[in-house]
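Engineer: I'd like to ask some things about the structure below.
The values are calculated or read from the model by the stated rules, or taken from the named source; none is laboratory data. A quick note: this is a predicted structure, and the numbers were derived from the prediction, not measured. Note that each Cβ is placed from the backbone with ideal geometry, even for glycine, and that neighbours are counted across all protein chains shown.
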């Protein structure tokens, strides 16, 4: 990652140091425009596109728009009435020049004084060519269709390579940001859930978050990547859970830890009994009420085959030993406290968290309301 960050530092420094005026200009000429052809100037925000200005093109097709300079590099666009548009990046540049033809607005445009805008133009042209082939695929037949499908796959790989170069060359640029959100058939080309695509998102998110932490786009992509990481971790843990459970032939992961007397206790000891697996901590403010609830359950249903296997996540061993001196159910603790591996294996994110384990060794409920938990216990005993 480090080798891609130095160049963006320079770019960002230039952006702020060159901010000599409060506005910027987008100007140029649209050839082949019809009489009174309207041209619209817009800011493409994170959540919506905002109309900034519009005008009727002059006879020679010349135009000029002026707008306040944004606090951070951002996306803008000029659009014709038929919704053909050219996307522009405003950063340190005070004047961007666009010369285009109304007949093929985006494809025939020439952009000056904005390297990021040129990169976006190239990426859009690449996607447009792929999309056109996908339209042809719908009417193709036989070998022709298969050949076209293979060609499209090759084109997508080539596009991702091109976009990847844009991203890794300067992950702080709006062109890199834009590349991550391009779609084909309304499907993102890059996916944060794809292991091979994740580095692209991480590069852009890290750069934006590091150098523009207060920017709404920085917060958006950074949170997006964090959520992707969490989701990936959950899926990995779930896969590990399933793998272990499959090997053990039961629907739970066995817990083996010492109780307050130092005796090793196993969750698997309770097979054949309806068991509540309880992850909690006696050092928390809710502990007293929670303990009363557990005691009520144990007193009412233990004689019918109900058990409690409590895993303490207390950091203080002496506090835990004192608190559990008179409890009748099994309570175990890992000397690593909240860092025990069972927290990850059972995906514990808060305490208390409980699981109801059937007599057959299957987890049948998690974190039920006390009244619902009583009903489930009664039903399964």
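Engineer: Please specify each residue of the stretch 307-329 satisfying the condition of being surrounded by fewer than 20 Cβ atoms within 10 Å (Cβ to Cβ) and within 17 Å of residue 377 (Cβ to Cβ).
Structural biologist: 307, 328, 329
Engineer: Determine which single condition residue 107 fails, assuming it passes every other condition in (1) at pLDDT below 95; (2) in a helix (DSSP H, G or I).
Structural biologist: (2)
Engineer: For the stretch 330-339, how many residues meet the condition of being free of Cβ contacts under 8 Å to residues at least 60 places away in the same chain and in contact with a strand residue (DSSP E or B) (Cβ under 9 Å, 6 or more places away or on another chain)? Full working, then the answer.
Structural biologist: Keep residues of the stretch 330-339 that are free of Cβ contacts under 8 Å to residues at least 60 places away in the same chain, which gives 335-339.
Among the residues that remain, those that are also in contact with a strand residue (DSSP E or B) (Cβ under 9 Å, 6 or more places away or on another chain) are: 335, 337.
Going through the stretch 330-339 one residue at a time, the tally reaches 2.
Engineer: Of the numbered conditions (1) exposed (fewer than 14 other Cβ atoms within 10 Å of the Cβ); (2) closer than 19 Å to residue 260 by Cβ; (3) at pLDDT 90 or above, residue 336 fails exactly one; give the number of that condition.
Structural biologist: Among (1) exposed (fewer than 14 other Cβ atoms within 10 Å of the Cβ); (2) closer than 19 Å to residue 260 by Cβ; (3) at pLDDT 90 or above, the lone unmet condition for residue 336 is (3).
Engineer: Follow-up question, since we're still on this one. Please determine whether any residue of the stretch 301-308 is in contact with a strand residue (DSSP E or B) (Cβ under 7 Å, 6 or more places away or on another chain) and in a loop (DSSP other than H, G, I, E, B). Write out each step before concluding.
Structural biologist: Looking only at the stretch 301-308, we keep the residues that are in contact with a strand residue (DSSP E or B) (Cβ under 7 Å, 6 or more places away or on another chain), and these are 305-308.
Now restrict to residues that are in a loop (DSSP other than H, G, I, E, B): 305.
Yes, there is a match, as at least one residue in the stretch 301-308 is in contact with a strand residue (DSSP E or B) (Cβ under 7 Å, 6 or more places away or on another chain) and in a loop (DSSP other than H, G, I, E, B).
Engineer: Name every residue in the stretch 346-381 that is part of a loop (DSSP other than H, G, I, E, B) and closer than 18 Å to residue 288 by Cβ, in order of residue number. Don't jump to the end; show me each part of the working.
Structural biologist: Our first condition is that a residue be part of a loop (DSSP other than H, G, I, E, B); within the stretch 346-381, this holds for 346-352, 358-361, 367-369, 381.
350, 351, 352 - these are the residues of the stretch 346-381 that are part of a loop (DSSP other than H, G, I, E, B) and closer than 18 Å to residue 288 by Cβ.
Engineer: Continuing with the same structure: Go through the stretch 109-130 and give me each residue that's surrounded by fewer than 15 Cβ atoms within 10 Å (Cβ to Cβ) and closer than 15 Å to residue 85 by Cβ.
Structural biologist: Once the filter is applied, which keeps residues that are surrounded by fewer than 15 Cβ atoms within 10 Å (Cβ to Cβ) and closer than 15 Å to residue 85 by Cβ, the stretch 109-130 yields 125, 128.
Engineer: If you don't mind, there's one more thing I want to ask. Among the candidates 12, 6, 39, which residue alone is touching a helix residue (DSSP H, G or I) at 6+ places or on another chain (Cβ under 6 Å) and either at pLDDT 95 or above or under 23 Å from residue 207 (Cβ atoms) (or both)? Give the steps one after another, and end with the answer.
Structural biologist: Details: 6 fails: touching a helix residue (DSSP H, G or I) at 6+ places or on another chain (Cβ under 6 Å); 39 fails: touching a helix residue (DSSP H, G or I) at 6+ places or on another chain (Cβ under 6 Å).
Being touching a helix residue (DSSP H, G or I) at 6+ places or on another chain (Cβ under 6 Å) and either at pLDDT 95 or above or under 23 Å from residue 207 (Cβ atoms) (or both) holds for just one of 12, 6, 39, which is 12.
Engineer: So is residue 88 at negative phi and in a strand (DSSP E or B) or not? Reasoning before the result, please.
Structural biologist: Numbers: at negative phi: yes; in a strand (DSSP E or B): yes.
Yes.
Engineer: Residue 66 fails exactly one of the following numbered conditions: (1) in a helix (DSSP H, G or I); (2) exposed (fewer than 14 other Cβ atoms within 10 Å of the Cβ); (3) modelled with pLDDT of 95 or more. What is the number of that condition?
Structural biologist: Failing condition for residue 66: (1).
Engineer: Residues in the stretch 26-42 that are assigned to a strand (DSSP E or B) and either surrounded by 18 or more Cβ atoms within 10 Å (Cβ to Cβ) or on the phi > 0 side of the Ramachandran plot (or both): how many?
Structural biologist: Result for the stretch 26-42: 7.
Engineer: Oh, and also: So, of the residues in the stretch 321-345 that are assigned to a helix (DSSP H, G or I) and more than 18 Å from residue 277 (Cβ to Cβ), which turns out to be farthest from the chain's Cα centre (by Cα)? Walk me through it before giving the result.
Structural biologist: Within the stretch 321-345, the subset assigned to a helix (DSSP H, G or I) is 321-323, 337-339, 341-345.
Subsequent filtering for residues that are more than 18 Å from residue 277 (Cβ to Cβ) retains 321-323, 339.
Values: 321: 42, 322: 44, 323: 41, 339: 25 Å.
Out of the qualifying residues, it is 322.
Engineer: While we're here: Tally up the residues in the stretch 281-299 that are within 26 Å of residue 378 (Cβ to Cβ) and in contact (Cβ under 8 Å) with a residue 60 or more places away in the chain, please.
Structural biologist: 4
Engineer: Here is a follow-up. Answer yes if at least one residue in the stretch 161-173 is in contact with a strand residue (DSSP E or B) (Cβ under 8 Å, 6 or more places away or on another chain) and at pLDDT 95 or above, and no otherwise. Before you say what the answer is, go through the steps one by one.
Structural biologist: In the first step, residues of the stretch 161-173 are kept if they are in contact with a strand residue (DSSP E or B) (Cβ under 8 Å, 6 or more places away or on another chain); the result is 173.
If we keep only those that are at pLDDT 95 or above too, we end up with 173.
Yes, the stretch 161-173 has at least one match.
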